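Here the structure is laid out as structure tokens; the discussion comes afterwards.
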Ligand code: SAM
Ligand code: SF4
């Protein structure tokens, strides 16, 4: 890329014109991704699909013939942000670029995107990605002004998952495998069932084939993904989720298996038992609680109460292995009283989480909760969020201090040159920055043992032990 720019410079041509010329000749695309890990992994599949169709990925909008946004609509007026971004790029239409909107905002807004941004050529919802190759062919053949939209209900109703052999994996050591797509739970605040469609699982056989292929390619860590990964239901009925975890963990060459996100309702003791007996399964469970108040959980339609959630936590705590626990919390759900909020704070303390993702409630289109009065002012939501994060910070500091003096294995994720520290990740999914005497034997993607010397709320520090 940069070489080509250099050549244009030497021949005296304007680099911008040169880039435009190249973009017109070649099939190039730029892809920007927002949102969760599932979206990031969908983007890996989209990139792989485009490359298999002869496209080349470029790092800037300027260099691209096709500009794609993979969007997320889970919170925070996501749709408005997408329209603002598209407005920014309207001026580039004259350069012959084509624009596409993918993901949950595409699914949610559908034809409205063409109404507000007529220069967009492609709108493809997350439930329809398996149709991307044929859509790309049509876009290429189509002249200016042609628009394609695939966001229909039919696509959300399909039993097919977006499986592709052309996944362009961005992390050379940790590979992601989506084992279940969509969601049938319909929590009252959540847009996912409307954007990602009904729950559908891949066969465990196909998951294992992919896991073995990844091990052959040199991946040592696999993360199984799903909106509710543990609601997994093998279409061939061969394996439960816990059995699939154990089977992926037994693939030769795989040293670590993670899974996210688990729904408390479908969280069985067999998952904890699988972690206990399968050394390659990581010591970490992410189990979103959303609220510590049974009254609010009922209004959220989570279909469990505080006591039932805490029972599942007790299974994790009584495991033979020391399993770290993280969660998601929403503050300021309509009707959440100060007492309800305090119940959430007390739950954080009672569980003793190692990490919390906390969000202010954000009303979402189509969801039942949008009909409830969003009575809690934003300033109050912000206050509760700040209190919650402060409470959790102290809990994390306490939790992390317990690691002082331990020797733990980390996967090396990179190096912070400024601090002269390597960055590692523990099985418990904690960041452990460490120094190594002469860096011998340390390489990104490798595994080393580190003695923990310092604990902060969000990370640990240590020294490599030989
Ligand atoms: N399926 C998972 C579960 O049920 O726990 C969660 C998946 S969801 C994509 C990720 C997180 O986004 C949720 O756990 C929730 O905390 C948050 N979230 C979803 N809808 C939200 C909303 N309307 N406002 C604020 N946070 C929201
Ligand atoms: Fe959304 Fe609830 Fe489904 Fe999770 S379980 S994706 S929060 S509807």
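None of the figures in this text is laboratory data; all of them are computed from the coordinates on show. These numbers come from a predicted model, not from an experiment. Using ideal geometry, Cβ is built from the backbone for each residue, glycine included, and neighbour counts are taken over all protein chains shown.
Order these by the 10 Å Cβ neighbour count, fewest first: 79, 350, 409.
So the ranking, lowest neighbour count to highest, is 350, 409, 79.
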Within the chain, percent of DSSP bridges classed antiparallel, to nearest 5: 35
FRET efficiency estimate (nearest 0.05) - Cβ-Cβ, residue 266 to residue 454, R0 30 angstrom: 0.20
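Starting with the fewest neighbours, write out 322, 234 ranked by other beta-carbon atoms found within 10 Å of each beta-carbon.
Sorted ascending by nearby Cβ count, the order is 322, 234.
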Degrees between helix 204-216 axis and first principal axis of the chain (Cα, 0 to 90, nearest 10): 80
Euclidean distance between Cα centres, the range 234-272 to the range 361-384, Å: 35
Per-pair calculated FRET efficiency, R0 = 22 Å: residue 308 and residue 238 via Cβ, rounded to 0.05: 0.15
Contour minus Cα-Cα distance for residue 53 and residue 115 (0.36 nm per residue): 19.4 nm
Relative contact order (%) - the chain, alpha-carbon pairs under 8 angstrom, separation at least six: 9
Peptide ranges 119-132, 39-52 listed from the most packed, as the mean C-beta count within 10 angstrom indicates: 119-132, 39-52
Linear extension gain, residue 387 paired with residue 409, 0.36 nm per residue minus alpha-carbon span: 4.6 nm
Gain upon complete extension [residue 375, residue 81; 0.36 nm per residue less C-alpha separation]: 103.5 nm
Förster radius 25 Å - calculated FRET efficiency between residue 212 and residue 141, Cβ distance, rounded to 0.05: 0.10
Computed label-point distance, nm, for sites residue 37 and residue 418 using a 7 Å Cα→Cβ extension: 2.7
Using alpha-carbon coordinates, inclination of helix 132-141 to the longest axis of the chain, degrees: 20
Projected label distance in nm at residue 438 and residue 134, using a 7 Å step from Cα toward the beta-carbon: 6.2
Sequence of 99, 83 once ranked by neighbouring C-beta atoms within 10 Å, starting from the fewest: 83, 99
The chain: angle of helix 78-88 to the longest principal axis, Cα-based, in degrees nearest 10: 30
Distance in nm between pseudo-label sites at residue 328 and residue 301 (7 Å out along the Cβ direction from Cα): 1.6
